[in-house]
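Q: Following this message is one structure expressed as structure tokens.
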Amino acid sequence: MSEFNGKKRQRRSWAEPYKIKVVEPLKMATRAQREKAIAAAGFNTFLLKSEDVYIDLLTDSGTSAMSDRQWAGMMKGDEAYAGSDNFYQLEKTIRKYYGYKHVMPTHQGRGAENILSQITIKQGDYVPGNMYFTTTRLHQELAGGTFVDVIADEGHIPQSENPFKGNVDIAKLQQLIDEVGAEKIPYFCLHTTVNMAGGQPVSMANIRDTTAVCREHGIKIYLDATRAVENAYFIKMREAGYAKKSIAEILLEICSYTDGCTMSGKKDCMVNIGGFLALNDDALAEKARNMVVVYEGLHTYGGMAGRDMEAMAIGIEESVSYDHMRARIGQVVYLGEQLIEAGVPIVQPIGGHGVFVDAARFLPHIPQSQFPAQSLAAALYINSGVRAMERGAVSAGRDPATGENRQPKLELVRLTLPRRVYTQAHMDVTAEAIIDLWEKRDSICGLKFTFEPEYLRFFQSQFTPTCGASVLNDGENEGETYSDCESDILPEQHADAHD
Ligand code: PM9
């Protein structure tokens, strides 16, 4: 009970709009076991076994809890090779909520990216976008294109409080068109919410302006719709004129400014696997359907089981619910605010799918060449069993033209929240672990490569500390021996590391 204007009033909190029906027990390894596990994983959290992880904030990709409706839908899987009923259900749902004409399922988002890149990009082309995403840029490069980042400068500044840090800098886009010519730009790649900038949204006004420039020059615009529903929620909460619109209406408006989308269904759509490519142009869709049968599967399943398409259709309907989104983003904010209060440097405003810790400010004593974010993610795991992901110099990779390491302005550790999986108590434990690490940050050291694969190196690379056996030397590991903890994952086993 609190007091306001002399009147007693009840405090009103929000709560998760669901109750828990099935639980999966968690296990907490000891500090010594965690030291051993991370050394065996070459200090790469992607190479840890999930059974060694306590709270798994590696990614929100394919890690959501499905609803009872989705699980019931799984029983309606029509596993016909061709023309599955679930495909038509999914197609109808995507047309309703995203508004595109042609729908092609793919095994996940990068399947759609591969096909879109191959049918649109020629050698020597340029693909502008509001910040790179790892798999998206790689497919653009493999198809012969060069990605050009035209996000507004604030997107690269962790402290900037701009509510739409994902916005496109229209002047940068115009400059690129003037320099290389519109005929060298097959499409604009629009991200919502921008993952690598910290889950930062794009405003509707900016999407409209970007589209206007593209239309003026005859350039197509394709949406990375992976977290477009989260972006729609931010527009509702932050942009004038949208407060009274539903998330579904806002989503449809975003899509209406674009010519199609690639989608990783493993995020907003709340399924464990799947994705799609959606296009409005009949001729391009024909080409894409033909590529789907080469790389994914028949165009009515594209690498997905019938039951997964059914679960995705239901997940899409659930994703546009205001109550769902308020709890989803509310949980991210709940974690982020605890870190801000303790003085831990994070990307602000707090983003959509996770809290992004600014490793450059957390570990100013570690140069970017020694991968502070990778070190921080490893140290967090050692300290608490919480698994996070590096989003900095390791993820940025090497420039394909020069072979040099890219030096991104953002050096971040992402604490990514799976949807409907963890409780506020898990967020409390996570915040306590990070705050504890913040207090002993001087005991963390850097890393150097021992193995670096050619593509998407963050998934499978391995490292060794620059300062001895462990990245975290806080005295808690005294007396432990790690000499038998050399990485035992052989390069040929790397393909088994999950995405
Ligand atoms: N995102 C993520 O954890 C999973 C793998 S990369 C570490 O954030 C966007 C914006 C994504 C994304 C995947 C994909 C690729 C495309 N666009 O993983 O192939 O965040 O389904 O989607 C991951 P798939």
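Q: Any residue in the range 73-96 that is at positive phi sitting within a Cβ distance under 9 Å of a residue that is open to solvent by less than 50 Å² (accessible area, probe 1.4 Å) and hydroxyl-bearing (Ser, Thr, Tyr)? List the pairs, counting only those 6 or more apart or interchain.
A: Listed pairs, sorted by first residue: 83/300.
Q: Could you say which residue among 425, 393, 431 is surrounded by 15 or more Cβ atoms within 10 Å (Cβ to Cβ) and under 20 Å from residue 26 (Cα atoms)?
A: The unique qualifying residue is 431.
Q: So which residues in the range 288-312 are in a helix (DSSP H, G or I), surrounded by fewer than 24 Cβ atoms within 10 Å (Cβ to Cβ) and touching an Asp or Glu at 6+ places or on another chain (Cβ under 9 Å), if there are any at all?
A: 306, 307
Q: Tell me which residues, restricted to the range 172-187, are in a helix (DSSP H, G or I), touching a strand residue (DSSP E or B) at 6+ places or on another chain (Cβ under 8 Å) and open to solvent by less than 30 Å² (accessible area, probe 1.4 Å).
A: Within the range 172-187, 173, 176 meet the criteria.
Q: Condition (residue is buried (at least 20 other Cβ atoms within 10 Å of the Cβ), closer than 17 Å to residue 458 by Cα and under 18 Å from the mean Cα position of the chain (by Cα)) applied to the range 399-410: is it met by at least one residue? Working first, answer last.
A: Going residue by residue through the range 399-410, those that are buried (at least 20 other Cβ atoms within 10 Å of the Cβ) are 408, 410.
Narrowing the set further to residues that are closer than 17 Å to residue 458 by Cα leaves 408, 410.
Now restrict to residues that are under 18 Å from the mean Cα position of the chain (by Cα): 408, 410.
Yes, the range 399-410 has at least one match.
Residue-wise test of (1) crowded, with 18+ Cβ neighbours inside 10 Å; (2) within 22 Å of residue 211 (Cβ to Cβ); (3) modelled with pLDDT of 95 or more.
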position: 119; (1), (2), (3): yes, yes, yes
position: 129; (1), (2), (3): yes, yes, yes
position: 134; (1), (2), (3): yes, no, yes
position: 139; (1), (2), (3): yes, no, yes
position: 153; (1), (2), (3): no, yes, yes
position: 160; (1), (2), (3): no, no, yes
position: 165; (1), (2), (3): yes, yes, yes
position: 170; (1), (2), (3): no, yes, yes
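Q: Moving on to the next point. Considering only the range 321-346, how many residues are over 17 Å from residue 231 (Cα atoms) and either in a strand (DSSP E or B) or not acidic (Asp, Glu) (or both)?
A: The qualifying residues number 11.
Q: From 331, 338, which residue is at pLDDT 95 or above, open to solvent by less than 30 Å² (accessible area, probe 1.4 Å) and among the polar types (S, T, N, Q)?
A: 331
Q: Take the residues in the range 152-171 that are touching a strand residue (DSSP E or B) at 6+ places or on another chain (Cβ under 8 Å) and not in a loop (DSSP other than H, G, I, E, B), then tell me which one is nearest to residue 198 (Cα to Cα).
A: 155
Q: Out of (1) crowded, with 18+ Cβ neighbours inside 10 Å; (2) more than 30 Å from residue 141 (Cα to Cα), what's the single condition that is false for residue 447?
A: (2)
Q: Being away from the ligand (no atom under 16 Å from the Cβ) and in contact with a helix residue (DSSP H, G or I) (Cβ under 6 Å, 6 or more places away or on another chain) is true for just one of 124, 77, 83. Which residue is that?
A: Just one listed residue meets the conditions, 77.
Q: Taking the conditions exactly as written (touching a His at 6+ places or on another chain (Cβ under 9 Å), in contact (Cβ under 8 Å) with a residue 24 or more places away in the chain and of a type outside the set (Phe, Trp, Tyr)), does residue 166 satisfy them or not?
A: Taking the combined requirement at face value, the residue satisfies it.
Q: Could you please find all residues in the range 141-151 being open to solvent by 10 Å² or more (accessible area, probe 1.4 Å), within 16 Å of the ligand (Cβ to nearest atom) and in a strand (DSSP E or B)?
A: 147, 149
Q: Here is a further query. Give me the strands (runs of 3 or more DSSP E) completely within the range 1-109, filtered to those with at least 2 residues that are at pLDDT 95 or above, farther than 16 Å from residue 418 by Cβ and among the aliphatic types (A, V, I, L, M), ordered by residue number.
A: So the answer is 102-106.
The values are calculated or read from the model by the stated rules, or taken from the named source; none is laboratory data. These figures come from a predicted structure and were not determined experimentally. Methodologically, a virtual Cβ is constructed for each residue, glycine included, from the backbone with ideal geometry; neighbour enumeration extends over all protein chains shown. With ligands, DNA and RNA removed, areas are computed over all heavy atoms of the protein, side chains included. Shrake-Rupley method; radii C 1.70, N 1.55, O 1.52, S 1.80 Å.
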